[in-house]
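The values are calculated or read from the model by the stated rules, or taken from the named source; none is laboratory data. Given the structure is predicted, the values throughout are model-derived calculations rather than measurements. A quick note on method: Cβ atoms are made from the backbone with ideal geometry, for glycine too, and the neighbour counts reach across all protein chains shown.
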Amino acid sequence: MTLFEKVRVISFEPPAVSEPMDVAAAGPAEAGAAGKGAGTIVETGVNLAAKYPGARRLAGSYLSPGLVCSHTHLYSALARGLMVDIEGSKDFAQQLQHLWWRLDRAIDLPILAGCADAVLSGVTSVVDHHAGPEAIDGSLSVIRQAYEAIGIRGLLCYETSDRNGMEGARAGVAENLRFAAEIDADRAAGRRPLVDGCIGGHAGFTVGDETLEALADAVRVSGRGLHIHAGEDKYDAVDSRYRFGADLAARLDAAQLLGPKTIIGHGVWLTESEVELLNARSSFLAHNARSNMNNAVGYNGLLHRFDNVVLGTDGMSGDMLEEFRFACFRHRESGGPWWPGDFLRCLDRGNRLMERYTGQAFGRVVAGAVADLVLWDYEPPTPLVGGNVAGHLAFGLGSRSVKSVMVDGALVVEDRVPAFDAQGIGSKARAQASRLWQRMEARR
């Protein structure tokens, strides 16, 4: 049992800041009071120390729910400072061919660095979109092991694509199904896995009708949702109309791939009718402001029209508060109508995504909710109250203020010291990155 004492609880939705209170959380292997489940918040109140005399006691300024990164590519952590000869690109399609698809083909290793980066920034759940056409079979289980080594929660998928031939596409679908079955078997055996699976597709322009049908079958069989890029660049939208005679979202919907567990990455070039379609199906749109800027794919002028916008990094880093700021400022520069409070709702909505996959309560510091929590060491220069939570996140509170992080009732960071071997992970990542870069050079 862990007891957070005399903390002011920050709620993201609705925005609120409590008076000082205590929060008791049960660990992943223990049941709390009154039969409450392991890995959950057991009780909130005042003067709880006498009730839980054996609890580990932590103090800090503020306590909040953990942050969710709703779309990323963890392998991108190994591209930071990339030292590989990359041919110049005239557009996004060439950038994929010259850089990212070369990186994908070179991947044959577990991903730890990106997970560590995220949790140290107060992120407790990461939704990954993995690729590695030379190492498909079993890859999601390897990434799961990396998640569990860190102690972080999330959703995993393999981004199925025709770009490496139909054999590769079929292997991608099979890996998604295999992993979903692995998680189902764990749950049936009474275990509590930290991760679940989506059914992954790369992007509309690399997924033909045969593969799209196979993905639809996988969604139906597994009970999961599709996680796919759609309309990241104008090319994707134009290709769909030219080759398939339909808008991207309409094509996905015709295959019954839009639903309440669907994650659409980017969506920069979706039309108004496609926005309405995603809203009607209660699907999620993962907005990745920094990546869109870096790849120069344009700005989503219809962002404020989507009902279920969540925030992701698309592999830029694991820092969701940095992503939140970029989302706010890029939107303001575009002349959009949203303010930081609107993007705070987007940041919080990642919890609704996790709820749809797990059936548990996320993003709330209340009894019965999952104990995914962040303890902040923050001394605000102005009053911090419900009405200005978004303003403090946009202009003050940042990952540097993360003091302790809890996932599923277990402390993965305590007083800024990780429970995992961060130095060892960094050393291994540097060695693996060097090898990855050499493999990329060999694939010119």
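Of note:
- Considering residues of the stretch 197-221 that are touching a Lys or Arg at 6+ places or on another chain (Cβ under 9 Å) and of a type in the set (Gly, Ala, Ser) only, the residue surrounded by the fewest Cβ atoms within 10 Å (Cβ to Cβ): Gly208
- Whichever residue in the stretch 384-405 is in contact with a Ser or Thr (Cβ under 7 Å, 6 or more places away or on another chain) and of a type outside the set (Gly, Ala, Ser) and, among such residues, is surrounded by the most Cβ atoms within 10 Å (Cβ to Cβ): Val405
- The stretch 240-255, subset touching an Asp or Glu at 6+ places or on another chain (Cβ under 7 Å) and in a loop (DSSP other than H, G, I, E, B), residue surrounded by the fewest Cβ atoms within 10 Å (Cβ to Cβ): Ala255
- Top-ranked residue in the stretch 225-239 [being in a helix (DSSP H, G or I) and aliphatic (A, V, I, L, M); ranked as surrounded by the most Cβ atoms within 10 Å (Cβ to Cβ)]: Ala237
- Whichever residue in the stretch 123-137 is under 30 Å from Asn351 (Cβ atoms) and small (Gly, Ala, Ser) and, among such residues, is modelled with the highest pLDDT: Ser125
- Considering each residue of the stretch 266-287 in turn, at least one proves to be aromatic (Phe, Trp, Tyr), touching a residue at least 24 places away in the same chain (Cβ under 8 Å) and either surrounded by fewer than 23 Cβ atoms within 10 Å (Cβ to Cβ) or in a helix (DSSP H, G or I) (or both).
- Hits in the stretch 288-301 - residues which are closer than 20 Å to Leu156 by Cβ and assigned to a loop (DSSP other than H, G, I, E, B): Asn288
- Residue within the stretch 261-276 that is of a type in the set (Ser, Thr, Tyr) and in contact with a strand residue (DSSP E or B) (Cβ under 8 Å, 6 or more places away or on another chain) present: yes
- The residue pairs whose first member lies in the stretch 424-436 and is not assigned by TED's automatic domain parsing to the domain that holds Cys115, whose second member is modelled with pLDDT of 70 or more and small (Gly, Ala, Ser), and whose beta carbons are closer than 6 Å, counting only pairs six or more residues apart or on different chains, are Ile425/Ala116.
- Residues in the stretch 319-359 that are outside any helix (DSSP H, G or I) and free of Cβ contacts under 8 Å to residues at least 12 places away in the same chain were compared, and the one that is nearest to Met293 (Cα to Cα) is Gly335.
- Filtered by the rule that a residue be modelled with pLDDT of 95 or more, within 14 Å of the chain's Cα centre (by Cα) and more than 14 Å from Glu232 (Cα to Cα), the stretch 289-318 gives Val309, Val310, Leu311.
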